[in-house]
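Take a look at the structure set out below.
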Amino acid sequence: MFGMVTSVAARLVGMAFALLTLGSEMAPAAEPPSSAVVTDLPTGGNAGGLQIGLTSGIGGAVLTMLVLLMWNRTRTRRIAGHKTIAGHREALWTNLPGVVCHRRLTPAGCRVTYLSHRFERQYGLPAERFQAMSPAERLEMVHPDDRAPLTRCWRDLNVEGVAVSRFRFLRPDGTIRWFEYHEHVVDRQGDELISEGLVFDVTAEEEAQRALAEREQLWAAVVDQTPNGVVLIDCETLRFVEFNDAACHTLGYSREEFSRLTLRDVADVPPGHIEQRDSDLAQDGYSLMVNRHRHRDGSFRDVDVRITEINIRGTRHFAAVWTDVSEAKRNERELRSVATHLQTLLANLPGVVYRMRLTPTNSELTYLGEAFERQYGLSAEQYQSMTLAERLGMIHSDASHAERWRTLSAKGEVVARTRFLRPDGQIRWFEYHERVVERHGDELIAEGLVLDVTAEEEARQTLKTTSEQQHILAAIVDAMPDLAWAKDRNGRYMTVNTALAQYISAATASVMHGGPCREVLPSDLMDMFALRHEAVMRENRVDVHEERIPGADGAVRWFDVRRAPLRDASGAVIGTVGVARDITERKQLEEELRETADALQNVMINLPCAIYRGVDRDGGGITMTHVSDGVFAMTGYKPDEWIAMVNQEPYGLGGVH
């Protein structure tokens, strides 16, 4: 019995040594004595065999126990190491910004074998519940538009060994989250794939990208549909890198033709012009100028241009916004012509009419018309009682009294404009038409008419000032002085530019952005805006109106409002965009000109004399073209009868004694 125990112990010792030596070859032992127990032990590796003799049963047992203790300690250390690695891996998975997932996939379906601790927080349901679902139930929780791509992605896992995809997941609480998963195959067992993957929540990134794309699309739509030309110019080549439709169409070019042009093809760029723009940009950050652009048909267009500098990938560019002011310039010339005609007719009519005596050192006002106090802001008696120095102190002019006297004495008449400081602090622009009627040595007796031309001067300055606009796409529109906005199909404001926010106040603008438009302005005005917004979308056309809009200060101003359809990338109308330009000064000027013309007509009707207009026939007399109604009181002839009679004479006015 004892021999059997020692034999078994000897075999265990042999096996332990065989494991520890890891296949080392050992020579056969010498022939043991007859009293020893011999045991043949199989060896690993390439060894042919191992013989261990035990001369003592007790010694063999002790040795066996020592070997078993060593083997148990080694096994314990290996188990502890595995547990440590597993713990580190579990801690790493727990702290990852996503969910670790293990799966077993077959052609018939898949089984989720492991989900890390973040699963419930990210997916909104317990891991055990998700693991218990069938593949079809899990697929039902994926957004319908993402199921087919996700299925193809799983198929790629079998072919490529890796798969990456983004999909929307419908959480049980009703929220939709964007997930991105990365999965790879770690083992294959026939048709079964064993995979590991990591799923990230990328909802914030996806929403930010979509919001940015929508904002860029909105500003691009505003830029594309604004009536102003918007271009991006390479500073070195002066080529048009980017431009909207208005930039090329207003000059008669197609987009393809315009893309081949440079700034020199449409505008005169004299030497030093670019350097001057650089100087203005360095000083003010922008440059304003009035230029003439060449149309494709050879004609020219007057434009107001605003330029800012933009650096794109290390290359300098000019971002320019130009507005066609050809019609405004024509109106200005026509207004100037009308004003000149009216000034000629009014030269001897009472307006603010005055009569004065001038010497080289002094002047004395002998008469001031009744309109003086209303125009000058003080009574005629106060002004007449002032000294020459006191009167000159109220006029902003570089010309001295002596220079004025010399000019009037030499030419016999003077037309000049100057600014007058009224006692109430207002500064008014006056235009003087003055002529000499008598001379007594150095003393001149002059009569004149003073017109208040403040509105005309302000209109002239307004026409010379271009509208402020900034950055290409969103920045350029945001800097425009015109009010610009975009509305969705429901009439809600999607975005407004800085000019509109300032005009209606920043607090109101924050209500407008995404809020109901009826909370912003008076209801009757918003009803009209809503009707025009709906008409533009329904009829798919550009709408132009002149509208009165109140501002934050309570003042109501006139605007030239243009609305156009807002389209998405597919061309569908999704709202409207609008641009409103302030035309208050023009309206005021038109009203004043109408009032002046009416007043002139009334004066001419009631004059106790006749005013006529005629055409010189190259020295052969004058052909009369117009005569006022006063001719009837003087001659008994009606105006048309008088003109017919006078023009029948051989030399025009030959029949008049």
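Annotation: peptides 215-222, 123-130, ranked by per-residue average of other Cβ atoms within 10 Å with the highest first, follow the order 215-222, 123-130. Across segment 132-181, the relative contact order, built from alpha-carbon pairs under 8 Å that are at least six residues apart, equals 31 percent. Each listed q (0.12, 0.15, 0.24, 0.27 Å⁻¹) maps to a log10 I(q)/I(0) for segment 179-241 from the Debye sum over equal C-alpha point scatterers, namely -0.63, -0.73, -0.99, -1.06. Partner aspartates and glutamates whose Cα lies under 17 Å from the Cα of LYS487, excluding those fewer than 8 positions away in the same chain, are identified as GLU214, GLU216, ASP224, ASP478, GLU519, ASP527, GLU534, GLU539, ASP543, ASP568.
What does the accessible area per residue of segment 148-279 come to in Å², with a 1.4 Å probe and no ligands, DNA or RNA counted?
Values: 6960 Å² over 132 residues.
Per-residue value: 53 Å².
The values are calculated or read from the model by the stated rules, or taken from the named source; none is laboratory data. None of these values were measured; they are calculated from a predicted model. With ideal geometry, Cβ positions are generated from the backbone for all residues, glycine too; neighbour counts draw on all protein chains shown. Just so you know, the surface numbers come from the protein's heavy atoms only, side chains and all, with ligands and any DNA or RNA stripped out. Shrake-Rupley method; radii C 1.70, N 1.55, O 1.52, S 1.80 Å.
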